[in-house]
Protein chains: 2
Amino acid sequence: MTATTAGPAQASPEDVELVTALATRSRVAARRLALLTRAEKDAALHALADALDAASEQVVAANSEDVERGRSQGMEQSLQDRLRLDPERVAAVAQALRDVAGLPDPVGEVVRGSTLANGLQIREVRVPMGVVGMIYEARPNVTVDAAGLGLKSGNAVILRGGSAAASSNRVLVEVMRSALTTVGLPADAVQLLEGGHGSVTALMRARGLVDLLIPRGGAGLIQSVVLGSTVPVIETGIGNCHVYVDAAADLEQARAITINAKTHRPSVCNAAESLLVHRAVAADFLPVALRQLCDAGVRLHVDAATAALAGDVPTEPATDEDYATEYHGLEMSVAVVDDLDAALEHVRRFGSGHSEAIVTQDRGASRRWVAEVDAAAVLVNASTRFTDGGEFGFGAEIGISTQKLHARGPMALPELTTTKWVVEGEGHVR
Amino acid sequence: MTATTAGPAQASPEDVELVTALATRSRVAARRLALLTRAEKDAALHALADALDAASEQVVAANSEDVERGRSQGMEQSLQDRLRLDPERVAAVAQALRDVAGLPDPVGEVVRGSTLANGLQIREVRVPMGVVGMIYEARPNVTVDAAGLGLKSGNAVILRGGSAAASSNRVLVEVMRSALTTVGLPADAVQLLEGGHGSVTALMRARGLVDLLIPRGGAGLIQSVVLGSTVPVIETGIGNCHVYVDAAADLEQARAITINAKTHRPSVCNAAESLLVHRAVAADFLPVALRQLCDAGVRLHVDAATAALAGDVPTEPATDEDYATEYHGLEMSVAVVDDLDAALEHVRRFGSGHSEAIVTQDRGASRRWVAEVDAAAVLVNASTRFTDGGEFGFGAEIGISTQKLHARGPMALPELTTTKWVVEGEGHVR
C-alpha cells in the first residue's frame with residue numbers, strides 16, 4: 001500500500017516539484033488526447049497491446065523480481081498471486097486493451113441538447129476529464145487497464161501502483177510509452193509516479209493540475225486518499241454487502257444466493273459479508289444454510305438466535321465490529337432479524353452503500369427494499385456478485401463507486417468523462 | 001461571509017456535536033423525503049409558498065433588522081441590495097417555490113437499463129442525494145430557493161447563510177418548517193445551521209452524514225469550502241469569462257456581444273471579464289468597442305497594443321493580475337492576441353473554466369474553439385450571459401458548476417440527485 005490509515009505522509013517541496021512537473025506534462029498530453037478520433041485511439045490501443053505481447057519476456061522477468069522480493073519479505077500468498085504475471089497473464093492484459101478498442105468512444109456523445117426559443121442551439125457533449133490519477137496496490141494488471149481506459153476516454157493518466165510491483169510497473173509503463181511514441185502520440189499520456197510516500201500526498205493535493213483521483217485497494221488506502229485529497233476523488237470498492245432472507249423467501253433460492261454471494265470470489269468487494277434472516281424462516285433456513293457455508297469453509301460469526309440453530313456447525317459470537325467488517329475472505333457474520341424494518345435498520349447501520357440483496361417472493365417487501373436501501377446497487381433475488389461492470393455489459397470497469405457524486409456503482413468509460421455545453425448563436429445577446 | 005481565504009476556523013467539540021445532531025436529524029428526514037411522490041412534494045411546495053406569503057410582514061420586519069444592522073456597520077450598497085426583502089421580493093420567492101412545483105420530478109427517472117443475457121433486469125434510477133448542505137452569503141432568497149429545490153429533489157437541506165442575514169433566515173426557515181409540519185412532512189427537511197464559524201468547519205467535515213456541499217458566493221468562500229471539506233463539494237460560480245473577437249468576426253456582432261457580456265449584469269459569474277482581439281481586426285474593432293465600453297461606464301485595463309488604439313478613451317495598463325481577476329463590476333481587461341492559438345493559450349492560462357465565447361464567421365476557428373477550450377460552456381457568436389439555468393430552460397438553478405465531477409455548467413434538479421442500480425432476478429447466481 002502506498003498510504004495507510006495513519007494519514008498521508010508530508011509532501012516535501014521536492015515532492016511537490018516532482019508532481020507539478022509530471023502533472024504539467026500530463027496536461028500537455030491531455031490536450032492532444034482530447035482531440036483524437038476514435039480511430040486514432042483504437043489504433044494506439046492495438047499498438048500498446050502488440051508492444052506488450054512483444055515485450056512479454058521482459059515483463060515477466062521484471063515481475064519475477066517483484067514476486068521474489070515479496071516472497072523474501074514474507075508477502076501473503078494471495079497478494080503474491082495478485083502480483084504475479086506469467087506469459088498467459090501478459091497476453092490477457094494485452095488482449096484487454098484490444099477489447100477496450102472495441103468499445104464505443106464515450107467522447108463526443110451528445111448527452112442532451114435543444115434549440116431555445118431565441119434560436120440559440122445548445123448541446124451537452126461528453127469530453128475527457130483531462131488528467132486522471134490512479135492510486136492502487138500491487139496489481140500490475142491495473143497499470144495496463146487504467147492506461148487503456150484512460151487512453152480510450154481521451155485522458156492522460158498518472159499511475160501510482162504499490163511499491164511491491166515497482167519493477168513490473170516500470171517495464172509495463174516503459175513499453176506502453178514507447179508504443180505511444182511509435183504511433184505518434186505523446187508518451188506522457190501514460191506516466192508513472194515513482195517518488196516516495198510524500199509524492200502521493202503531493203498528487204492528492206495537485207488541484208488544478210489533476211482533474212480526478214481514483215483510489216483502488218483496501219479500506220485504509222481509500223480512506224487516506226478520500227480524506228487527504230483536495231483533488232476530486234471517486235471512492236471505490238468498500239463493500240460490506242448483505243443478503244437479507246425475507247419471511248417470503250424461496251429458501252432454496254436464498255441458500256444458493258447466499259453461498260454464491262459469499263463463496264464465489266470472497267476477496268472482491270461485491271462478495272457478501274453478512275447474512276440477515278427473518279425470524280419467521282430462521283429455523284427452516286439457517287440449519288441447512290449454515291451447514292452449507294461451513295462445508296464451503298466459511299467461518300461464521302453469529303448472534304445468539306443463529307447460534308441456537310447451528311446444531312453442530314461451529315460458530316463464534318458476532319460483535320458489532322463483525323457486522324461492520326468487510327472480511328475479504330471466507331468469513332461471514334449472521335443475524336436473525338425481527339422483520340423487514342429491522343433488516344433495513346441493520347443495513348443502514350452497518351452497510352457501506354455497495355450492494356444489498358433481498359431474497360423474497362413478496363412484492364411489497366422487494367419494493368420497500370429497492371426504495372429504502374441507500375446503496376449503489378439494490379438486488380432482488382440475485383447474488384451481490386452481479387454488481388460488476390462486466391456483468392452489467394459495460395465491457396470494462398475501472399472500479400465500483402460507493403459515493404453518490406458523479407458515478408455510483410460500476411464505472412467504465414463514460415464515468416471517466418465530463419461534459420461541456422456548446423452554445424451556438426448568430427450574435428445572440430440578452 | 002462565513003469563511004475566508006485565511007482557511008476554515010477550528011471546529012470545537014461543541015461544534016461537532018451541534019452539527020452531528022443537526023445532520024442526524026436531517027438524515028432521518030431525508031429517508032422520509034426520498035419516498036414522497038411528486039404530488040406530495042408539489043403540495044408541500046405550495047404550502048411553503050402560501051405560508052411565506054402569509055408571513056410576508058414578519059419576514060420583511062426581520063429583514064429590516066438585518067439591513068439596518070448592515071447599514072450601521074457600513075455594508076456596501078450593492079450587498080444591502082442583495083440582502084433586502086420587500087413585500088414584492090417575498091412574493092417573488094414564494095412564487096419561485098410554486099414554479100419549482102411545476103417542474104418535472106427528477107426522482108425515479110430511469111436513466112438507462114437493460115435485460116442481460118442471463119435474464120437479469122437492471123436499471124439505473126435517479127434517487128435523492130440525501131442531505132445537501134448549502135453555504136452561502138447574505139442573500140435570503142437563496143434560503144428559500146435551496147429549500148424548495150432540495151424538497152423537490154427529495155433531499156433534506158442544511159442551510160448556512162451569511163450572518164448578515166441571520167434574522168431574515170431565521171424567520172424564513174421557521175415559516176417553512178412550520179408549513180412542512182402542517183402538511184405532515186418532517187420539519188427537519190429544512191434546517192438552519194446557526195453556530196459560530198467552527199460549526200461551518202464541522203459541517204464541511206461531516207462526511208457520512210452530509211452527502212453534498214454546495215458553496216455559493218465569492219471566490220474566498222468557495223475556495224475555503226473546496227479545500228477544507230471532506231464532504232463531497234460542487235465548486236460553483238467562479239467566472240473569469242472571455243470574449244474572443246476572431247479575425248473573421250462580424251465586428252458589429254462582436255461589439256454587441258462584448259457590451260452585453262460585460263454590462264448586462266456585471267456582478268454575476270457569467271459576465272465577461274476579459275476581451276481578446278485578433279491583431280488583424282484590432283484597429284477596426286477596438287476604437288469603437290472601447291468607446292462603447294467607456295460610455296457604458298466600464299473601466300479598462302489594457303495591454304500596449306490596445307492602449308495604442310484607445311484614442312481619448314481612458315485606459316490603465318493591465319497586469320497579469322488583471323487578466324486573472326473576476327471584477328464582478330464595470331471593469332474589463334483587454335488584450336490584442338496574434339492569432340487563435342494565442343487566444344486559446346490566454347484562456348488556458350487565465351480562464352476559470354466557466355464560459356468562453358468566440359465571435360467568428362470562420363467554421364475552422366469556431367470548431368477549434370469548441371474543441372480546445374476546456375470550460376463548462378463554450379459559446380460561438382453568443383454572449384457569455386447565456387450560461388444560465390433559466391436561459392437553458394431548466395426552470396431553476398442552484399448554481400453553476402465549474403468543476404468536472406458530477407455536474408458542469410448550470411445545475412438544476414437532476415444535479416441534486418444521484419442514481420441507484422436496481423437489479424432484479426429470479427434466484428440468479430454467478
- Message: Looking at the range A:23-30, can you tell me whether even one residue there is more than 21 Å from A:Val173 (Cβ to Cβ), aliphatic (A, V, I, L, M) and open to solvent by 50 Å² or more (accessible area, probe 1.4 Å)?
- Response: no
- Note on the structure: Those residues of the range B:331-354 that are out of contact with any Gly (no Cβ under 7 Å at 6 or more places or on another chain) and either under 22 Å from B:Ala296 (Cβ atoms) or open to solvent by less than 40 Å² (accessible area, probe 1.4 Å) (or both) come to a total of 16
- Has the range A:387-394 got any residue that is under 13 Å from the mean Cα position of the chain (by Cα), buried (at least 23 other Cβ atoms within 10 Å of the Cβ), touching a residue at least 60 places away in the same chain (Cβ under 8 Å) and more than 10 Å from chain B (Cβ to nearest Cβ)? no
- Being of a type in the set (Val, Ile, Thr), touching a residue at least 40 places away in the same chain (Cβ under 8 Å) and closer than 15 Å to A:Val59 by Cβ, is that true of even one residue in the range A:197-217? no
- helices (runs of 4 or more DSSP H) completely within the range B:281-384 that count 3 or more residues being within 14 Å of chain A (Cβ to nearest Cβ): B:340-350, B:363-372
- Note: among B:Leu172, B:Leu203, just one is within 20 Å of A:Gly228 (Cβ to Cβ) and open to solvent by less than 30 Å² (accessible area, probe 1.4 Å), namely B:Leu203
- Query: Among the residues of the range A:419-430 satisfying the criterion of being crowded, with 22+ Cβ neighbours inside 10 Å and not aliphatic (A, V, I, L, M), which is nearest to A:Ile238 (Cα to Cα)?
  - Reply: A:Lys420
- Query: When you scan the range B:236-256, how many residues do you find that are surrounded by 24 or more Cβ atoms within 10 Å (Cβ to Cβ) and within 9 Å of chain A (Cβ to nearest Cβ)?
  - Reply: 1
- In the range A:109-146, what residues are of a type in the set (Asp, Glu), more than 10 Å from chain B (Cβ to nearest Cβ) and more than 30 Å from A:Arg71 (Cα to Cα)? A:Glu109
- Search result, residues across the range B:407-430 that are aliphatic (A, V, I, L, M) and facing chain A (nearest Cβ under 7 Å): B:Val422, B:Val423, B:Val429
- Report yes if some residue within the range B:100-108 is within 14 Å of chain A (Cβ to nearest Cβ) and on the phi > 0 side of the Ramachandran plot; otherwise report no. yes
- May I ask you to verify whether B:Glu137 is open to solvent by 80 Å² or more (accessible area, probe 1.4 Å) and charged (D, E, K, R)? no
- Quick count over the range B:39-68, residues being in contact with a Ser or Thr (Cβ under 8 Å, 6 or more places away or on another chain) and surrounded by fewer than 18 Cβ atoms within 10 Å (Cβ to Cβ), is 1
- Out of (1) charged (D, E, K, R); (2) surrounded by fewer than 17 Cβ atoms within 10 Å (Cβ to Cβ); (3) part of a strand (DSSP E or B), the one A:Arg265 does not meet is (3)
- Task: Looking at (1) buried (at least 17 other Cβ atoms within 10 Å of the Cβ); (2) assigned by TED's automatic domain parsing to the domain that holds A:Gly148, find the lone condition where A:Pro8 falls short.
- Result: (2)
- Item | Residue that is in contact (Cβ under 8 Å) with a residue 60 or more places away in the chain and either open to solvent by less than 10 Å² (accessible area, probe 1.4 Å) or not hydroxyl-bearing (Ser, Thr, Tyr) (or both), where the choices are A:Leu192, A:Leu185, A:Leu159 | A:Leu185
- Message: Looking at A:His328 and the list (1) within 19 Å of A:Asn260 (Cα to Cα); (2) exposed (fewer than 14 other Cβ atoms within 10 Å of the Cβ), which single condition is not satisfied?
- Response: (2)
- Taking the residues in the range A:206-222 that are open to solvent by 10 Å² or more (accessible area, probe 1.4 Å) and within 12 Å of chain B (Cβ to nearest Cβ) as candidates, determine which candidate is farthest from B:Gln223 (Cα to Cα). A:Asp211
- Sole exception among (1) aliphatic (A, V, I, L, M); (2) open to solvent by less than 10 Å² (accessible area, probe 1.4 Å); (3) under 21 Å from A:Met75 (Cβ atoms) for A:Ala164, by number: (2)
- What's the number of the condition A:Leu416 fails, among (1) aliphatic (A, V, I, L, M); (2) in the same structural domain as A:Arg123 (by TED's automatic domain parsing); (3) in contact with a strand residue (DSSP E or B) (Cβ under 8 Å, 6 or more places away or on another chain); (4) surrounded by fewer than 24 Cβ atoms within 10 Å (Cβ to Cβ)? (4)
- Task: Filter the range A:87-126 for residues that are in a loop (DSSP other than H, G, I, E, B), in contact (Cβ under 8 Å) with a residue 12 or more places away in the chain and open to solvent by less than 50 Å² (accessible area, probe 1.4 Å) and give the result.
- Result: A:Leu103, A:Asp105, A:Pro106, A:Val107, A:Gly108, A:Gly119, A:Leu120
- Task: Could you tell me whether B:Ala375 is open to solvent by 50 Å² or more (accessible area, probe 1.4 Å) and hydrophobic (A, V, I, L, M, F, W, C)?
- Result: no
- Which residues, counting only those in the range A:395-406, are open to solvent by less than 20 Å² (accessible area, probe 1.4 Å) and at the interface with another protein chain (Cβ under 7 Å from one of its Cβ atoms)? A:Gln403, A:Leu405
- Message: Condition first: farther than 19 Å from B:Ala343 by Cα, open to solvent by 10 Å² or more (accessible area, probe 1.4 Å) and modelled with pLDDT under 95. Can you find one or more residues in the range B:268-282 that meet it?
- Response: yes
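The values are calculated or read from the model by the stated rules, or taken from the named source; none is laboratory data. Here the structure is a predicted model, which is why all the values come from computation and not from measurement. All Cβ positions, even for glycine, are placed from backbone atoms using ideal geometry, and neighbour counts span all protein chains on display. Calculation scope for accessible area: heavy atoms of the full protein, side chains included, ligands and nucleic acids excluded. Shrake-Rupley method; radii C 1.70, N 1.55, O 1.52, S 1.80 Å.
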